[in-house]
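This report concerns only the one structure given below.
The values are calculated or read from the model by the stated rules, or taken from the named source; none is laboratory data. Everything numeric in this text was worked out from a predicted model, so none of it was measured. Using ideal geometry, Cβ is built from the backbone for each residue, glycine included, and neighbour counts are taken over all protein chains shown.
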Amino acid sequence: MKLTLLATVILASAVSTTTHAADEANGFWGILSASDNIQRAGTKTRWRYGLDMQWRHSERGSGSDQYVLRPSLGYDLNPNITVWAGYGYFLTEPNVGSNRYEHRWWQQINWTAKRLNWGTLSFRTRLEERDLERARDIGLRFRQQLQLAMPLPAWQLTLITSIEHYSNLRDTDWGARSGFDRLRSYAGVRMPVSEKLALEFGYMNQWVNRGEEDAVNHLAVLRLRAKF
């Protein structure tokens with residue numbers, strides 16, 4: 001009960017704003033994701049596959065587009081805990097300036113902490129090693145996400161709310177600075193399309209620490225979830 005109350009308070013704070021000066025911009029993310037247990041001879045194993053493909057459009061400055069490909073492999077330690085390892089390729093194409101290429105290796109633990117009649121509370125902990133082309137330093141970043149999924153049976157929908165904190169663990173020659181990096185707050189609705197497809201749409205607020213003037217991104221998110 002205490003864990004659930006704490007999570008509710010933290011998630012509610014995701015919609016709050018701060019008094020810091022901020023440079024605000026709009027954007028859109030389109031995501032195709034697939035994840036499920038790997039089957040052998042028609043039986044599900046503890047191994048899981050994961051794949052994310054994303055298009056991220058930003059209207060900040062002169063505008064930019066980012067393309068993400070992120071495959072991963074997971075293993076169920078038990079029904080509530082899954083460990084993951086994966087790789088991400090990030091291509092950023094600004095309307096003005098040079099393209100940016102990033103290779104990102106990551107390790108992750110997913111923990112379903114609480115299953116209740118009205119919802120499921122889960123945590124996601126991730127460590128990233130960030131390698132940008134034409135840079136010498138490897139960045140290290142820690143991410144912690146808290147998510148609450150609440151089914152709405154009368155409408156055959158699921159309400160998803162989450163908050164995720166990012167911290168850089170070292171300085172780099174390409175601009176990363178140790179300490180708080182960003183905070184992502186999300187609220188969305190998921191609806192089944194078929195037995196293996198679900199559509200999710202929502203709003204993400206991304207607060208980015210830039211020193212004197214932070215950046216705030218207001219993002220519309222559309223995600224198609226699939227099982228193959």
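Here are the numbers for the structure shown:
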{"item": "Complete set of residues in segment 184-209 that are in contact (Cβ under 8 Å) with a residue 60 or more places away in the chain and closer than 20 Å to ASP23 by Cβ", "result": "SER185, MET204, ASN205, TRP207"}
{"item": "Those residues of segment 179-191 which are more than 22 Å from VAL216 (Cβ to Cβ) and surrounded by 15 or more Cβ atoms within 10 Å (Cβ to Cβ), in sequence order", "result": "ARG190"}
{"item": "Among the residues listed as ALA154, ALA176, the single one being under 23 Å from LEU219 (Cα atoms) and outside any strand (DSSP E or B)", "result": "ALA176"}
{"item": "Considering residues of segment 26-55 that are touching a residue at least 40 places away in the same chain (Cβ under 8 Å) and surrounded by 16 or more Cβ atoms within 10 Å (Cβ to Cβ) only, the residue farthest from THR125 (Cα to Cα)", "result": "GLY27"}
{"item": "Scan of segment 197-228 for residues that are part of a strand (DSSP E or B) and small (Gly, Ala, Ser), ordered by number", "result": "ALA198, GLY202, ALA215, ALA220, ALA226"}
{"item": "Residues of segment 103-139 that turn out to be part of a strand (DSSP E or B), closer than 16 Å to ARG170 by Cβ and touching a Ser or Thr at 6+ places or on another chain (Cβ under 9 Å), as a count", "result": "5"}
{"item": "Residue within segment 68-78 that is of a type in the set (Ser, Thr, Tyr) and modelled with pLDDT under 95 present", "result": "no"}
{"item": "Qualifying residue in segment 57-70 (condition: touching an Asp or Glu at 6+ places or on another chain (Cβ under 9 Å), free of Cβ contacts under 8 Å to residues at least 40 places away in the same chain and closer than 18 Å to ASN110 by Cα)", "result": "yes"}
{"item": "From the options ARG190, ARG170, ARG124, residue that is touching an Asp or Glu at 6+ places or on another chain (Cβ under 6 Å) and basic (Lys, Arg)", "result": "ARG190"}
{"item": "Test: residue in segment 108-121 that is in contact with a strand residue (DSSP E or B) (Cβ under 6 Å, 6 or more places away or on another chain), modelled with pLDDT of 95 or more and within 28 Å of SER62 (Cβ to Cβ)", "result": "no"}
